[in-house]
Amino acid sequence: MKCRICGSEAEHRSYVAKEMMLGLRDEHRYFQCADCGCLQIENIPDNLASYYPDNYYSYSDAGKGGNPLKKALMKMRDTYAATGQCQIGRVMQFLSPNAKLATLRPANISKDARILDVGCGSGHLLHSLRETGFNQLLGIDPFNREDIVYPNGLRIEKRDIFSETGQWDLVMFHHSFEHLPDQQANLQQAFNILKPGGMALVRVPTVSSWAWQEYGVNWVQLDAPRHLFLHSLKSMEALATQTGFRQEQVVYDSFGFQIWGSKQYEQDIPLRDPRSWAESAENSIFTAKQISEYEQRSHELNALNQGDQAAFYLRKPV
């Protein structure tokens, strides 16, 4: 097989991984490039869309109401998470962190920044940003059933990045990039629609991690066959260079899911199984104490640059 990232035709190592999120357990072949380290699916299934059912996690409604006091506190938390402003929000971020929004802070964006979120599902992150005062936001996702317009004015449109012609300050791929077949073309289009000096934020699982080494094909974030590419540090840097970006920073932001999810797969327990921690703490094979320990271990792995997911900050030169 020829690596789709660096073009290497060396002798790559092959793996067979099962679909385990839904519990289908059908097998899919992957190979890891001997040169750049990118783990990639050998053949993309013709029926790939069928692996994204209507209850897929990213499709849930981002605009559901709730307790007014809780919503106000979460708004302050999200303001602090994204911008570093609001002292009450700082306390709330400590007590109930929004890790996804916190990844925006290294991008140093202002509330009038033009932000495009690619593959955003129903737009949870953008909805939180809109609620905190960001007003130049757009989400796009070709797999949504239809366009979404929220009462707060946020729009999520059913289309892909190649239909976009605007100019943006920040283009984000929050765990959507690993689902895209043509990696170079998608990142190149992000480069094309960014303003000079703009940034692409790419958050992806990474094989440059302890979890991949520890769990192999049972690593929960391999997520066959939905994840088509699992990048290494080297392959992401190569991809950035190929498309004109300058890689400024890499921040690991994994959490306990990398451990408990992978341990479940080792015991043949799918993510959507009634025994899964994601479905029922009472029926899970884990205790709350174990989950807490896995979270702490994940913080340690992030500090060692060994977490199983990372945010890559790619700058378009001025």
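Report, by residue number, each residue of region 193-240 that is out of contact with any Asp or Glu (no Cβ under 9 Å at 6 or more places or on another chain), over 16 Å from Cys3 (Cα atoms), in a helix (DSSP H, G or I) and not hydrophobic (A, V, I, L, M, F, W, C). Of everything in region 193-240, those that are out of contact with any Asp or Glu (no Cβ under 9 Å at 6 or more places or on another chain), over 16 Å from Cys3 (Cα atoms), in a helix (DSSP H, G or I) and not hydrophobic (A, V, I, L, M, F, W, C) turn out to be Gln213, Glu214, Gly216.
Residues in region 108-122 that are under 13 Å from the mean Cα position of the chain (by Cα) and not in a strand (DSSP E or B): 3 in all. Scan region 303-317 for residues that are surrounded by 12 or more Cβ atoms within 10 Å (Cβ to Cβ) and of a type in the set (A, V, I, L, M) and the total you get is 3. Where residues in region 262-318 are more than 28 Å from Leu239 (Cα to Cα) and among the aromatic types (Phe, Trp, Tyr), which of them is farthest from the chain's Cα centre (by Cα)? Ranking the qualifying residues of region 262-318, first place goes to Phe286. Scanning region 151-166 for residues that are in a loop (DSSP other than H, G, I, E, B) and surrounded by fewer than 18 Cβ atoms within 10 Å (Cβ to Cβ) yields Pro151, Asn152, Gly153, Lys158, Arg159, Asp160, Thr165, Gly166.
Among the residues that make up region 173-186, is at least one of them assigned to a helix (DSSP H, G or I) and among the hydrophobic types (A, V, I, L, M, F, W, C)? Yes, some residue in region 173-186 is assigned to a helix (DSSP H, G or I) and among the hydrophobic types (A, V, I, L, M, F, W, C).
Checking the structure you have, find out if any residue of region 229-236 is farther than 26 Å from Glu19 by Cβ and modelled with pLDDT of 95 or more. Yes. Scanning region 264-302 for residues that are β-branched (Val, Ile, Thr), surrounded by 12 or more Cβ atoms within 10 Å (Cβ to Cβ) and outside any helix (DSSP H, G or I) gives Ile269, Ile285. Residues that are crowded, with 22+ Cβ neighbours inside 10 Å and of a type in the set (A, V, I, L, M) were ranked within region 175-200; the one that is nearest to the chain's Cα centre (by Cα) is Ala200.
For every residue, the table says whether it meets (1) of a type in the set (S, T, N, Q); (2) touching a Phe, Trp or Tyr at 6+ places or on another chain (Cβ under 6 Å); (3) over 27 Å from Phe143 (Cα atoms).
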{"residue": "Gln213", "(1), (2), (3)": "yes, no, yes"}
{"residue": "Asn218", "(1), (2), (3)": "yes, yes, no"}
{"residue": "Leu222", "(1), (2), (3)": "no, no, no"}
{"residue": "Leu228", "(1), (2), (3)": "no, no, no"}
{"residue": "Leu233", "(1), (2), (3)": "no, no, yes"}
{"residue": "Leu239", "(1), (2), (3)": "no, no, no"}
{"residue": "Thr243", "(1), (2), (3)": "yes, yes, no"}
{"residue": "Gln247", "(1), (2), (3)": "yes, no, yes"}
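The sole residue among Gly133, Gly139 that is within 20 Å of Gln167 (Cα to Cα) and not polar (S, T, N, Q) is Gly139.
The values are calculated or read from the model by the stated rules, or taken from the named source; none is laboratory data. All figures in this text were calculated on a predicted structure; none of them were measured in a lab. Note that each Cβ is placed from the backbone with ideal geometry, even for glycine, and that neighbours are counted across all protein chains shown.
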